[in-house]
1. Per 5 Å bin, what is the whole-percent P(r) computed from every C-alpha pair distance within the range 227-278?
2. Can you work out the Karplus-derived ³J(HN,Hα) for every residue in the range 124-135? Use 6.51 cos²θ - 1.76 cosθ + 1.60 with θ = phi - 60°, whole Hz, and x for glycine or proline.
3. Any idea what Rg and Dmax come out to for the range 152-277 if you just take the C-alpha atoms, in Å?
4. Hey, can you grab everything whose amide H is under 5 Å from the amide H of VAL29? Only 5+ residues off in sequence or another chain; H modelled, so Pro and N-termini drop out.
5. Between helix 206-217 and the chain, what is the angle of the helix's C-alpha long axis to the longest principal axis, kept within 0 to 90° and rounded to the nearest 10?
6. Can you tell me the length gained on complete extension of the stretch PHE112 to LEU200, counting 0.36 nm per residue apart and subtracting the Cα distance?
7. Normalised by the empirical 2.2 N^0.38 Å for globular proteins, what value does the Cα Rg of the chain take?
8. Across the range 224-239, in residue order, what do the Karplus-derived ³J(HN,Hα) couplings come to in whole Hz, using 6.51 cos²θ - 1.76 cosθ + 1.60 with θ = phi - 60° and x for Gly and Pro?
Amino acid sequence: MPKTSFRVVTDSTADLPPAWREKYDIEVVPLKVLFGNESFRDGVDLTNDEFFRKLASSSQLPTTSAPSPGDFAGVYEKLSRECEGVVSIHLGSNLSATCESARLGAQSVEGFPVHVIDSGSATMTIAFLCRTAAEAEDLEAAVKACEERVPKLGILALLDTMRYIQMGGRIGRVQYLLGSMLDVKPLLKLDHAQPEIQALDRMRTRARAIPGMVERLNQEGPLEHLAVMHGSAPEDAEKLRALLAPGHPEMEPEVGQIGAVLGTHTGPRALGLVYVKK
């Protein structure tokens, strides 16, 4: 069988829509979620709905771990027999060791070009990069298109509680700004301008916070892509999508569910606006 030009690899935190994965033949390397001594591959051993049910019933908060370099090396080795090169797009190095594992894994496959893209971001911002790469003419064009868009990626996230992000150690400057106010609904931002998660606002009610997300998004300027993500709050996600229509009439945002690894840090009722600026 002749080799294809190139392939796209990502990890499970991309929250890649199944239709995109199938259409573009994208390889997904799973991260892991651990409930005590139980280990689950994100999106493989545990569906998103199963994870959030388990999260709600568990007395112990889960932890997460990145794929090993060997996990990536195995995927790259397999693809080296099927294509001429790989663009591998991953969860930001500011959030996880996943990118470093991908780079180390790539080094062990000699003579096969693997271009690792550090998204600096998470969830469907990565999926948007994967789709852009997969639609490129060749490997060089795919890498260039991704590198051009990385600085344009952004996430606005509304958490229902600070508990999970605090326990997961992903709080950084957010802890300084919000202190110990675990009962607020924090509105957070992640983009290329700052490597740490930024706290934009804190609100007492979810009803006020959801329109506040849209107001913040409208300050970001013209958008190329937009998605609404949620933990286990599909009705709120649809409400948020409806609020987007007046300000973005030309767009039809994807609506998706965040996976187990990101859900570990955001909690069950998180909402996110995920975008790529023009």
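Each value in this text was obtained by applying a stated rule to the coordinates, not by laboratory testing. All of these numbers come straight from a predicted model, not from anything done at the bench. We place every Cβ from the backbone using ideal geometry, glycine too, and count neighbours over all the protein chains shown.
1. The calculated distribution, bin by bin, is 5, 22, 30, 21, 13, 8, 2.
2. 6, 4, 5, 4, 4, 4, 4, 5, 4, 4, 5, 8
3. Expressed in Å, the Cα Rg and Dmax of the range 152-277 come to 13.6, 41.
4. Under 5 Å from the amide H of VAL29: THR10, ASP11, SER12.
5. It is inclined by approximately 50 degrees.
6. On the way: separation 88, 0.36 × 88 = 31.68 nm, distance 4.30 nm.
Roughly 27.4 nm would be gained on extension.
7. On the way: Rg = 18.3 Å, N = 278, 2.2 N^0.38 = 18.7 Å.
That works out to 0.98 for the chain.
8. For the range 224-239, the Karplus-derived couplings read 8, 9, 8, 9, 10, 10, 8, x, 10, 9, x, 5, 5, 5, 5, 4 Hz, x marking Gly and Pro.
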